[in-house]
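Just below is one structure, and these are the notes that go with it.
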Amino acid sequence: MVNPAELRPKIKACLNALDATRPVVFGKHPLIADGVSEDLYVEGLHGPDRPLVRVLADRIDFDEGGGTYLFSGNRGTGKTTELMRLAEMLREQGCEVFYVDMAEYLNLTMAVEITDFLISMLGGLSEKIEERYGHDPANIGFFERVWNFLQSEVKIEELGLEAGEDLKASLKMSLRENPTFKKKLQEGTRGHVARLVQEARKFVENVVAVARRKAGQPDKKVVLLLDSVERLRGVGDSEDIGKVFKSVETIFSGHADKLRFPPLYLVCTIPPYLTALAGSLGALYSGGKIYMLPSVHVYESRPQDGAAPVPSETGLNAMVDIVGRRFPEWSTFFTREQLLRLAANSGGDLRDFFRLVGLCITEALYQESLPLPDTVLASAESALRNDMPLARDDKQVLARVLEKHDRQLESLDKLPDFARLTEGKYILNYRNGDDWFDVHPLLRDIVAKGD
């Protein structure tokens, strides 16, 4: 029998070490307070090519006068960790870098418009400026600017905010948590987009000037990393989900010109489904492309039509190495072959890999002996699979992906379905030279069997 008193602290240590909400952070002054040490970072996870963030950092170095760059990837690929790595590269190049997590400022399950998006983004930047440099009475924050704008351009009494309140806290909370306020704000500002954009650009110019003055470098590049935008997705029925998808497409495709704030360099995460919904989107932004972070390099190459991908021993071993660095005692619970199995069945999704390991390890207390039996792994895989229910129409879309490893659609009308399946991680994106797609490995057999 196992010894529960001996195992409990190990299980607790494992679950905390594999907390997927805590990214790896870099440098002496990390931009996120609760990240994990860069010593735990594993190089080359996303393939043998040049690191995507190295390419992006070089492009920012080459470009003059500011720019807006789109950064994307499936959920669970490690985007925030890569953003932290990008931040350190940019600081080594002499840039001043700020980080804003839009989850703190925006309701990510509701349709968004350019006005509330800009208010949330620059309100967040305003707070980061004050955190770094202290409060400056001579420089009004963006939330206060928005309040003045609303007083002059919008019927402010209809929004339900009082002048005596803490405006910054009230606006921030209402944008994120009050759907009625958000809807009224959107309705009230639709006729004033140009003015709001003008205010936003004036604010950004002032921010860059402050950062340069504080650094004593008049040409210093100032970069804003905008995270969690890729999490914008609807909840509820297909109509609600479709509204959110469409609103995000409108912002980044229809309002691309309003997301430029020279001389600021803005790196903005976007949902991976936008690559399906908005054709040629990369051409509208700096760098001329979307900087797409693929899933971990768990396959050797893009397979031939109709063939299954060949597992990459290097990539799967790298995923095991991640667990080894964070939780060296993993071999108490798993054989190496079992951990490789979980890595393969995650499809290279780090968040799902950590989840599978966690689901398994919590069962250790109830076993006769260790390592864990394969039945425990199968149960964890089943739990993950159950989060991806399959409708008949979805199976048809996935069957074409399974066959061609590309966006094989009957018509453009099916693009929203492809986008939804990408967002739900039914379809995973890989890169071996060129981008390609495959069905999540836990669904592959189901899809291959058909109805």
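The values are calculated or read from the model by the stated rules, or taken from the named source; none is laboratory data. Just so it is clear, the model here is predicted, and its values are computed rather than measured. All Cβ positions, glycine included, derive from the backbone under ideal geometry; neighbour counts span all protein chains shown. Areas reflect the complete protein model, heavy atoms only, side chains present, ligands, DNA and RNA absent. Shrake-Rupley method; radii C 1.70, N 1.55, O 1.52, S 1.80 Å.
Structure data summary
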quantity	calculated
Reach of LYS221 by Cα under 15 Å, taken over aspartates and glutamates that are not fewer than 8 positions away in the same chain	ASP58, ASP61, ASP63, GLU64, GLU88, GLU92, GLU96, GLU205
Computed lengthening from SER301 to ASP435, 0.36 nm per intervening residue step minus Cα-Cα distance	47.2 nm
Directionally averaged projected area (convex hull, Cα atoms, the range 234-296), nm²	5.3 nm²
Sorted peptide list for 81-94, 33-46, criterion being average Cβ within 10 angstrom, highest first	81-94, 33-46
Virtual spin-label span in nm between GLU130 and ASN206, 7 Å along Cα→Cβ	1.3 nm
FRET efficiency for GLU329 and GLU153, using Cβ-Cβ distance with R0 set to 51 Å, rounded to 0.05	0.25
20 °C / 1.002 mPa s Stokes-Einstein diffusion coefficient of the range 248-345, Kirkwood radius on C-alpha pairs, µm²/s	126 µm²/s
Inter-part distance where the range 212-277 and the range 9-74 are each reduced to a Cα centre, Å	18 Å
Cα convex hull of the range 332-451 - mean projected area over all directions, nm²	8.4 nm²
Residues with amide H under 5 Å from that of SER312, placed H, sequence gap 5 or more	TYR299, GLU300
Rg/Rh (Cα only; Kirkwood hydrodynamic radius) as it applies to the range 32-159	1.02
Built amide H within the under 5 Å cut-off of SER72, gap 5+	ILE270, TYR291, MET292, LEU293
Spin-label pair LYS246/ALA308, simplified geometry with 7 Å Cα→Cβ offset, distance in nm	4.1 nm
Angle between the chain longest axis and helix 179-189 axis [Cα atoms, degrees, rounded to 10]	50 degrees
Estimated distance in nm for a label pair at ASP393 and ARG195, the labels positioned 7 Å out from Cα along Cα-to-Cβ	4.2 nm
Accessible surface, per residue, of the chain when the full set of protein chains is kept, probe 1.4 Å, Å²	44 Å²
Spherically averaged projected area in nm², based on the convex hull that wraps the Cα atoms of the range 301-366	5.1 nm²
Where a label projected 7 Å from the Cα of LYS220 along Cα→Cβ would reach, residues of the range 59-93 with amide N under 15 Å	90-93
Residue-wise HN-Hα coupling along the range 427-433, computed from phi with Karplus coefficients 6.51, -1.76, 1.60 (Hz; x: Gly, Pro)	10, 10, 9, 10, 9, 10, x
The chain - percent of accessible surface contributed by carbon and sulfur, probe 1.4 Å	48 percent
Volume per residue that the Cα convex hull of the range 1-82 spans, once the total is divided by residue count, Å³	155 Å³
With Cα atoms, 0 to 90° folded angle of helix 193-215 axis to the chain main axis	80 degrees
Pair-distance profile P(r), taking every C-alpha pair of the range 35-106, with 10 angstrom steps and integer %	15, 51, 31, 3
Karplus-derived HN-Hα couplings along the range 241-252 (A = 6.51, B = -1.76, C = 1.60, θ = phi - 60°), whole Hz, x at Gly and Pro	4, x, 5, 5, 3, 5, 5, 5, 4, 4, 4, 7
LEU266 long-range amide H proximity, modeled H, under 5 Å	GLY67, THR68, TYR69, LEU224
Gyration tensor verdict on the chain (Cα atoms; rounded if a/c is under 1.5, prolate if a/b is larger than b/c, oblate otherwise)	prolate
Between helix 52-62 and the chain: long-axis angle, C-alpha atoms, 0 to 90°, nearest 10	30 degrees
